[in-house]
Amino acid sequence: MFFPPDITVSYKLQQTPQQITLAPSAPATGAMIWLHGLGASADDFVPVFQHLVSMLKTPLYGIFPQADNMPVTINGGMAMPAWYDILGATPQRVIEQTSFAASVTRIHMLIDQLIAEGIRSEHIVIAGFSQGGAVAMEAALTCPHTLGALICLSTYQARPFDVAAANANLPIFQAHGHQDNVVPVELGLQAQGILQAAGLHPQWQTYAMDHEVCLDEINDIAQFCAPVFR
């Protein structure tokens with residue numbers, strides 16, 4: 001297992017209703033954008049990011065967007081943080097296209113902003129869990145800039161899309177829990193097959209867990225991401 005040399009870095013937390021940002025005291029060598037799941041909040045993956053940077057030992061921006069509150073049809077129309085409306089599940093998700101497209105565009109804008117601030121696109125990793133993972137998958141693979149990696153956790157492909165030439169060889173880490181009773185593991189395997197049919201080579205991992213994240217998974221993500229930030 002390879003990790004870069006140790007660098008002592010402190011992080012400043014900046015928070016708005018739309019986003020949490022963890023900015024390193026040293027010049028950042030890259031960035032990770034983390035998208036939370038349905039009904040969750042931007043701070044969900046802050047501890048995961050903190051664990052990752054402690055292992056990777058390199059200064060990174062941590063970007064954690066907050067999804068807007070909206071009624072979610074599949075949950076009885078209850079308003080909650082959501083990247084898009086889900087109209088049904090059979091178990092394949094039936095999504096509302098306009099809200100989904102708006103979330104993908106939002107992530108593209110965040111990528112553009114990081115590049116404008118001097119972060120190389122090849123050192124940007126897009127990660128997402130569950131509903132956020134579906135947005136992360138399309139946002140990364142349709143991005144016109146070559147990215148560093150894509151991390152898809154306990155998620156699915158929401159709709160068909162064409163992979164951008166810039167990311168035709170994007171490294172992808174896909175992970176799912178064997179006992180997931182929210183997003184069945186079969187949907188993750190289906191997404192893996194679609195990605196492979198598009199010429200991609202996702203790394204697929206499963207864990208003895210439900211619809212959640214575990215420490216072994218986080219450690220595997222750190223090992224997977226280490227080459228991106230060398």
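Screening SER54 on (1) surrounded by 21 or more Cβ atoms within 10 Å (Cβ to Cβ); (2) assigned to a helix (DSSP H, G or I); (3) at pLDDT below 95 shows it passes everything except condition (1). Considering PRO71, PRO17, PRO59, which residue is touching a residue at least 40 places away in the same chain (Cβ under 8 Å) and over 27 Å from ARG230 (Cβ atoms)? The conditions single out PRO17. May I ask you to list the residues in the stretch 24-51 that are in a loop (DSSP other than H, G, I, E, B) and surrounded by fewer than 22 Cβ atoms within 10 Å (Cβ to Cβ)? Those that are in a loop (DSSP other than H, G, I, E, B) and surrounded by fewer than 22 Cβ atoms within 10 Å (Cβ to Cβ): SER25, ALA26, PRO27, ALA28, THR29, LEU38, GLY39, ALA40, SER41. Just one of (1) touching a residue at least 24 places away in the same chain (Cβ under 8 Å); (2) part of a loop (DSSP other than H, G, I, E, B); (3) closer than 30 Å to LEU87 by Cα; (4) hydrophobic (A, V, I, L, M, F, W, C) trips up PHE161, so point out which. Of everything listed in (1) touching a residue at least 24 places away in the same chain (Cβ under 8 Å); (2) part of a loop (DSSP other than H, G, I, E, B); (3) closer than 30 Å to LEU87 by Cα; (4) hydrophobic (A, V, I, L, M, F, W, C), PHE161 misses just condition (1). Taking the stretch 63-113 as the range and being part of a loop (DSSP other than H, G, I, E, B) and either open to solvent by 70 Å² or more (accessible area, probe 1.4 Å) or small (Gly, Ala, Ser) (or both) as the test, the residues that pass are ALA67, ASP68, GLY76, GLY77, ALA82, THR90.
Among the residues of the stretch 171-227, count how many are open to solvent by less than 30 Å² (accessible area, probe 1.4 Å) and charged (D, E, K, R). Summing the residues that are open to solvent by less than 30 Å² (accessible area, probe 1.4 Å) and charged (D, E, K, R) in the stretch 171-227 gives 2.
Pull up the stretch 153-170, narrow it to residues that are touching a His at 6+ places or on another chain (Cβ under 9 Å) and not small (Gly, Ala, Ser), then point me to the one that is surrounded by the most Cβ atoms within 10 Å (Cβ to Cβ). Only one residue tops the list, namely LEU153.
The values are calculated or read from the model by the stated rules, or taken from the named source; none is laboratory data. This is a predicted model, so every value here is computed, not measured. Using ideal geometry, Cβ is built from the backbone for each residue, glycine included, and neighbour counts are taken over all protein chains shown. Each accessible area value is taken on the protein alone, full model and side chains, heavy atoms only, with ligands, DNA and RNA left out. Shrake-Rupley method; radii C 1.70, N 1.55, O 1.52, S 1.80 Å.
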